[in-house]
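The values are calculated or read from the model by the stated rules, or taken from the named source; none is laboratory data. Just so it is clear, the structure is predicted and the values come from calculations on it, not from any experiment. Here the Cβ positions follow ideal geometry from the backbone for every residue, glycine too, while neighbour counts run over all protein chains shown. For accessibility, only protein heavy atoms count, side chains too; no ligands or nucleic acids. Shrake-Rupley method; radii C 1.70, N 1.55, O 1.52, S 1.80 Å.
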Amino acid sequence: MSAGLAASPAADPTAGATVAAGAPARAPRGRRQRRFAAVVGKRLLHLLIVLLLVTFASFAITDLLPGDAAATVAGENATPEQIAAVRTELGLDRPMIVRYFDWLGGVLTGDLGNSFRTGQPVTEALAQRIPVSFEIAVVAQILALLVAIPLAVYSAYRPGKLIDRSSMAIGFGAAAMPHFILGMVLILLFAGGLSSILPATGFVGFFDDPLGNLKSIILPCLTLMLGEAAVYRQLLRSDMISTLQEDFILMARSKGLSPRRILFRHALRPSSFSLITLAGVNMGRLLGGAIVVEVMFAIPGLGQMVAQAVYDRDYLMLQGGILVIAVSYVVINALIDLLYAALDPRVRRRG
Amino acid sequence: MAEARETLEEPILTGNGGPTDLAAMEPDLLDVEPDQTVASGRRRRSFQFGWWLACGWLILVVGAALLAPILPLWEPGTPDYTNVAGGLSASHPLGGDAIGRDNLSRLIYGARASLLVGLSAVVLGAVIGGLLGIIAGYVGGKVERVLLTLTDATLAFPGLVLLIAAVAVFGASMTVIIVGLAVLSIPTFIRLARATTLVIVQREFVTAARAYGARPMRVMLREVVPNVVLPVAAYGFIMVGVFIVAEGSLSFLGLGIPPPTPSWGSMIAAGRTELLTHPQISLIPAAVMFVTVLSINYVGERTRKRFEVKDSNL
């Protein structure tokens, strides 16, 4: 029994007070704000470059397709002259970069074309599917954090004890478990194999039937959260263990505060920076990255739309889906970067 | 001994605390807590055991995959109509799939495909990414900035989506999947190799080589590369597992290695229609894939720690 709160680093307890009171020698307010503005400006510029690259890649998908779009539109028996006429009409004879900005203009006004199969505007399809993916992602994240945070806090408080070791071992397994295998096992356990208490497929909208909605998203969310929870626990545990070595924790202990109060009020917040970052990144990833899970549980979200578009060779749908997934991923990451800079003065100072 | 080295290094790196603090500071996944003196002897042996178990499994899988043509197996593509969704029997030890093909044989031939995808994508990504990373780290300046910007841009894409787009555009084939996975892994290899290079360039033997008048090319190849190989290889080892899963995800979506070539992913995906009636068709390849990825992670994590680069340099 040595680690965690019981450890007593040989340090002057008064030193903890200054650390807890904030970083020493802060720059004057005006200069700090300017520096922060510079950081924001730099990040925004970076974001703009990456967004241009990402949108260009999404655009290029339809352009890289094998075959000549003009020839397809003109029909099978078209003469070369007719094909050339169609090409001019569609504007395909212009340089790629011109067509890209033309397309980008359409994107900005919400025009992504219509589905090749159903004729539905791509924007409309996206509007239906984004909330579904968003719900799954949010619920999965919340579940993962709810499982991971108490386990991590307790593991950091008593490292090497039963809870720590067993959650570590289970987490190691969970991290190696692909979604398509975990989902299958969950279906076997709860949706038709050993028991049938939950539906394996069939999404119910939240506003149609809240309880049915809950039931229909439990299995997909469980599939998504397990691996994340394992990673979160690991990350928070190690950050928390180093926080618990800090002098201000010793200070709190010497004031006689209860372990629970120290762990959750004093230690959790300074330990959770990297956790917040990772959770945010995963949020962006889950929005479109849950393709396998959405297909497996027939959830009508963005990921399933992308998969379906690939099967149907519905390239405008594919393009729209990938565009939204990639752009939201990039934007969420940038927002987290900024949030991080706003929250953690050290990042701000480094510039 | 890995443990011994780490306990020696930690106080130097952190500069505070005694052995009791170390137990708590050590963040890593599989670590032995040195303060638990009673249990530590037993635990060290059990670690060794687990490590050998994982290695043994990997050797078994690789060996079976290599020897598949000379092993006494059924043809992986030929159905045996007495074995349709068959259970475990003497002639078909792992039963048969939905159209009666032998599961054991498909599993072993599937290992060839899954391992081939994982290994060649990693080798491709590690060689290209590793060399670019060394150049970025050694040359610095504009080259480094351009490479890092490209790296950031590539990492901004969600991987599986990019892979699916590639398969949609170029069609599903082993080459497309291998190249796609390799491209996705290059940025991370660049970062790793660059970070390692930055550390190595500080070392005396590099200064000595430079003082000796060696050209940058020679310093990179003779002094830097040998020191970057190990961390890159250790990371690449773990990536093999990631890629096996990625191929499985693609197969699950019907976008993996096209039939008739069996792969673990396509076996799991194919058995899904029979999941509730004959779960073993999917579950056996799923278990094999899981255990393999788990073994790779376990062995890799252990090995990687020995050549760890501080994350802050990445």
**OP:** For region B:169-181, name all the residues that are touching a residue at least 60 places away in the same chain (Cβ under 8 Å) and surrounded by fewer than 23 Cβ atoms within 10 Å (Cβ to Cβ).
**Re:** B:Ala172, B:Ser173, B:Met174
**OP:** Please find, among A:Ala125, A:Ala174, A:Ala140, the residue that is closer than 25 Å to A:Leu211 by Cβ, within 22 Å of the chain's Cα centre (by Cα) and open to solvent by less than 20 Å² (accessible area, probe 1.4 Å).
**Re:** A:Ala140
Original post:
In region A:89-138, how many residues are modelled with pLDDT under 75 and out of contact with any helix residue (DSSP H, G or I) (no Cβ under 7 Å at 6 or more places or on another chain)?
Top reply: 2
Subject >> Matching residues, region B:215-253, being touching a residue at least 60 places away in the same chain (Cβ under 8 Å) and more than 22 Å from B:Asn297 (Cα to Cα) >> reply: B:Pro216, B:Val219, B:Met220, B:Val224, B:Val225, B:Leu253
Original post:
Considering only residues of region A:274-293 that are in contact (Cβ under 8 Å) with a residue 60 or more places away in the chain and open to solvent by 20 Å² or more (accessible area, probe 1.4 Å), which is nearest to A:Pro199 (Cα to Cα)?
Top reply: A:Met283
Original post:
Hey, any hits in region A:150-161 for a residue that's aliphatic (A, V, I, L, M) and in contact with an Asp or Glu (Cβ under 6 Å, 6 or more places away or on another chain)?
Top reply: no
Original post:
Which one of these does A:Gly160 not meet: (1) assigned to a helix (DSSP H, G or I); (2) surrounded by 21 or more Cβ atoms within 10 Å (Cβ to Cβ); (3) not charged (D, E, K, R)?
Top reply: (1)
Subject >> Matching residues in region A:121-172 - criterion: being touching a Lys or Arg at 6+ places or on another chain (Cβ under 7 Å) and over 17 Å from A:Leu226 (Cα atoms) >> reply: A:Ser155, A:Ala156
**OP:** Identify the single condition in (1) of a type outside the set (Phe, Trp, Tyr); (2) part of a helix (DSSP H, G or I); (3) away from chain B (no Cβ under 14 Å) that A:Gly202 does not satisfy, given that it satisfies every other one.
**Re:** (2)
Original post:
Does at least one position in region A:327-340 carry a residue that is crowded, with 18+ Cβ neighbours inside 10 Å and more than 14 Å from chain B (Cβ to nearest Cβ)?
Top reply: no
Original post:
If you check B:Pro231 against the conditions, is it closer than 13 Å to B:Gly125 by Cα and part of a helix (DSSP H, G or I)?
Top reply: no
**OP:** Report whether or not A:Ile276 is in contact with a helix residue (DSSP H, G or I) (Cβ under 7 Å, 6 or more places away or on another chain) and away from chain B (no Cβ under 13 Å).
**Re:** no
**OP:** Check region B:304-311 and report whether any residue there is at pLDDT below 80, part of a helix (DSSP H, G or I) and under 23 Å from A:Ile170 (Cβ atoms).
**Re:** yes
Original post:
Hey, any hits in region B:212-220 for a residue that's more than 20 Å from B:Leu131 (Cβ to Cβ) and either open to solvent by 20 Å² or more (accessible area, probe 1.4 Å) or modelled with pLDDT under 85 (or both)?
Top reply: yes
Subject >> A:Gly212, sole failed condition from (1) at pLDDT below 80; (2) within 30 Å of A:Leu275 (Cα to Cα); (3) not β-branched (Val, Ile, Thr) >> reply: (2)
**OP:** Please go through region A:233-264 and pick out each residue that is hydroxyl-bearing (Ser, Thr, Tyr) and part of a helix (DSSP H, G or I).
**Re:** A:Ser238, A:Ser242, A:Thr243, A:Ser254
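So that you can scan it fast, the table gives a plain yes or no per residue for (1) within 13 Å of chain B (Cβ to nearest Cβ); (2) free of Cβ contacts under 8 Å to residues at least 60 places away in the same chain; (3) at positive phi; (4) open to solvent by 10 Å² or more (accessible area, probe 1.4 Å):
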position	(1), (2), (3), (4)
A:Phe207	no, yes, no, yes
A:Cys221	no, no, no, no
A:Arg237	yes, no, no, no
A:Met251	no, no, no, yes
A:Ser254	no, no, no, yes
A:Val295	yes, yes, no, yes
A:Ala307	yes, yes, no, no
Subject >> Only listed residue being polar (S, T, N, Q) and not in a helix (DSSP H, G or I), chosen from B:Thr273, B:Thr207, B:Thr277 >> reply: B:Thr277
Original post:
Just to be sure, is A:Leu146 assigned to a helix (DSSP H, G or I) and surrounded by fewer than 19 Cβ atoms within 10 Å (Cβ to Cβ)?
Top reply: yes
**OP:** Could you please tell me which pairs satisfy a Cβ distance under 6 Å, a separation of 6+ or placement on different chains, a first residue in region A:107-131 that is over 11 Å from A:Gly320 (Cβ atoms), and a second residue that is open to solvent by less than 40 Å² (accessible area, probe 1.4 Å) and part of a loop (DSSP other than H, G, I, E, B)?
**Re:** A:Phe116/A:Asp314; A:Arg117/A:Asp314
Subject >> Selection count, region B:237-268, where residues are modelled with pLDDT under 80 and either over 17 Å from B:Leu162 (Cα atoms) or in contact with a Phe, Trp or Tyr (Cβ under 9 Å, 6 or more places away or on another chain) (or both) >> reply: 4
Subject >> Of the criteria (1) within 14 Å of another protein chain (Cβ to nearest Cβ); (2) over 22 Å from the mean Cα position of the chain (by Cα), which one A:Leu211 fails >> reply: (1)
Subject >> Of all residues in region B:247-290 being open to solvent by 20 Å² or more (accessible area, probe 1.4 Å) and facing another protein chain (nearest Cβ under 9 Å), the one that is nearest to B:Gly180 (Cα to Cα) >> reply: B:Gly254
